[in-house]
Amino acid sequence: MSALVTETDLGSSAPHGAPALPEANDRSFREGAFGHARTLSCRECGHEVELGPHYACPECFGPLEVAYDFPVVTRAEIEAGPRNIWRYQALLPVPADITESPNTEPGFTRLLRADNLARELGLDRLWVKDDSTNPTNSFKDRVVACALSAARELGAKVFACPSTGNLANAVAAAGARAGIKTVVFIPSNLERPKQVNSAVYTENLVAVNGTYDDVNRLASEIAGEQEGWAFVNVNVRPFYAEGSKTLGYEIAEQLGWRLPDQVVIPVASGSQLTKVDKAFRELIELGLVDDKPYRIFGAQATGCSPVAAAFKAGNDAIRPVRPDTIAKSLAIGNPADGIYVLDICRRTGGAVEDVDDTQVREGILLLARTEGIFTETAGGTTVACLRKLVETGRLDPTAETVVINTGMGLKTLDAVGDSVGPAATIDPSYAAFTATGIA
Ligand SMILES: *Cc1c(COP(=O)(O)O)cnc(C)c1O
């Protein structure tokens with residue numbers, strides 16, 4: 001056990017079904033343990049709950065979200081910070097000394113001007129926010145870094161998650177660096193590279209025969225029974241989710257402190273999309289960027305597209321589905337933040353689109369061959385949805401657009417393995433080479 005994990009009396013009487021981390025009134029947190037976060041606020045009814053291992057509103061069971069008393073923050077202060085997500089410490093529920101705790105230090109990934117892809121799609125100005133270069137090669141390192149901070153401050157003994165793959169990789173790696181026990185749960189049909197990318201960091205990779213939604217239900221049950229377990233996306237979910245805001249902050253900062261006109265974001269639970277919107281609104285509120293309209297678009301794979309289906313049908317509720325797609329990192333059939341994604345995409349004038357698995361594969365190759373970026377199936381989905389949104393006229397080709405690449409193609413090799421490979425296999429002779437017709 002790392003000395004950095006706060007030792008605490010966890011008590012022995014956590015009620016059945018309750019989050020089994022210590023209640024806020026059972027112990028006092030370190031002063032400033034959650035930075036400038038003030039409270040947890042219900043997204044449905046606004047009821048406030050004190051900061052702690054809570055995720056559901058005691059009044060209406062709505063999801064809780066971190067609310068802040070932000071200090072005055074200047075661009076210069078942020079720019080003087082570390083080249084990772086902790087440059088935005090003042091805007092996150094983490095302590096001022098966060099950089100002193102071992103963490104994977106994700107973020108400040110590349111924002112690449114994508115002129116070749118733009119030309120191919122008929123867009124004027126396009127950027128790729130490339131989160132495949134995070135420590136475990138997906139955007140999940142951002143959310144896990146914030147969840148780890150909360151887990152420590154709450155005195156957790158075990159760092160855990162149900163995952164569609166990338167989250168397990170990030171939790172296992174961050175836990176290893178922090179010296180805290182990790183247990184990660186995945187659907188047993190997950191791609192082998194994603195399994196290996198967890199198993200190298202942790203001895204406790206648990207493969208469950210079922211869908212992600214089955215794994216998630218099991219995790220909630222364990223969280224209710226086992227004391228001291230921090231499930232990053234269950235009982236510390238409000239803190240975890242805030243990590244995705246850093247994608248929005250970075251896009252704005254890297255554009256020279258302004259917001260883009262349009263952003264295309266993949267949707268699994270929908271958490272990331274809602275937090276990029278929250279980040280943009282906070283930057284405006286704090287005077288760090290000029291207020292301007294922006295449009296947010298969600299991307300799903302047709303084989304698991306409950307949010308796109310609701311968007312297209314004009315429904316306010318999401319009908320859960322049983323996933324069947326190669327985009328496994330997006331395969332959440334009952335997305336927790338789906339209704340908020342609908343709200344945001346409708347309010348901003350965006351849309352939620354979906355593409356089939358053939359288009360997902362084409363999206364992966366399109367990004368690779370135009371921009372030299374190898375994305376996983378989630379990114380293939382996002383690029384293919386970008387193309388479809390342009391073709392159907394819902395995305396303005398003259399407006400500045402950012403597409404988020406959330407993951408790394410080496411983790412989903414099989415998705416394109418059949419369609420790419422050697423152009424020829426030859427003997428080592430010049431004649432054999434010329435016979436290929438490549439020269
Ligand atoms: C988890 C994941 C997403 C979706 O994240 P949500 O916040 O659950 O919507 C997108 N892309 C990749 C690569 C992921 O691993």
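Quick note: the coordinates plus some simple rules give every number you see, no bench work behind them. What you are looking at is a predicted structure, and each value in this text was computed from that prediction instead of being measured. Please note: Cβ atoms are built from the backbone with ideal geometry, for glycine as well, and neighbour counts cover all protein chains shown.
With one equal scatterer per alpha carbon and no solvent term, the Debye-computed log10 I(q)/I(0) for the chain at 0.09, 0.13, 0.14 1/Å reads -0.54, -1.13, -1.32. Exposed loop sites here are chymotrypsin sites (Phe, Trp or Tyr not before Pro) assigned a DSSP state other than H, G, I, E or B and surrounded by at most 16 other beta carbons within 10 Å; excluding them, the longest clear run of the chain is 62-256. Based on the Cβ-Cβ distance from residue 43 to residue 423, what FRET efficiency comes out when R0 is 45 Å, to the nearest 0.05? Once rounded, the FRET efficiency stands at 0.30.
On the basis of the beta-carbon distance and an R0 of 45 Å, residue 69 and residue 192 show a calculated FRET efficiency of 0.45. Model label points for residue 61 and residue 319, set 7 angstrom from Cα along the Cα-to-Cβ axis, are 2.2 nm apart. Here's the picture: a label point sits 7 Å out from the Cα of residue 99 along the beta-carbon direction, and within the range 167-198 the residues with their amide nitrogen under 20 Å of it are 178. I'd like the distance between the alpha-carbon centres of the range 262-335 and the range 206-239, rounded to an integer number of Å. Measuring centre to centre over Cα atoms gives 22 Å. Highest-first packing order for the peptide set 109-117, 70-78 is 109-117, 70-78, based on the mean count of other beta carbon atoms within 10 Å.
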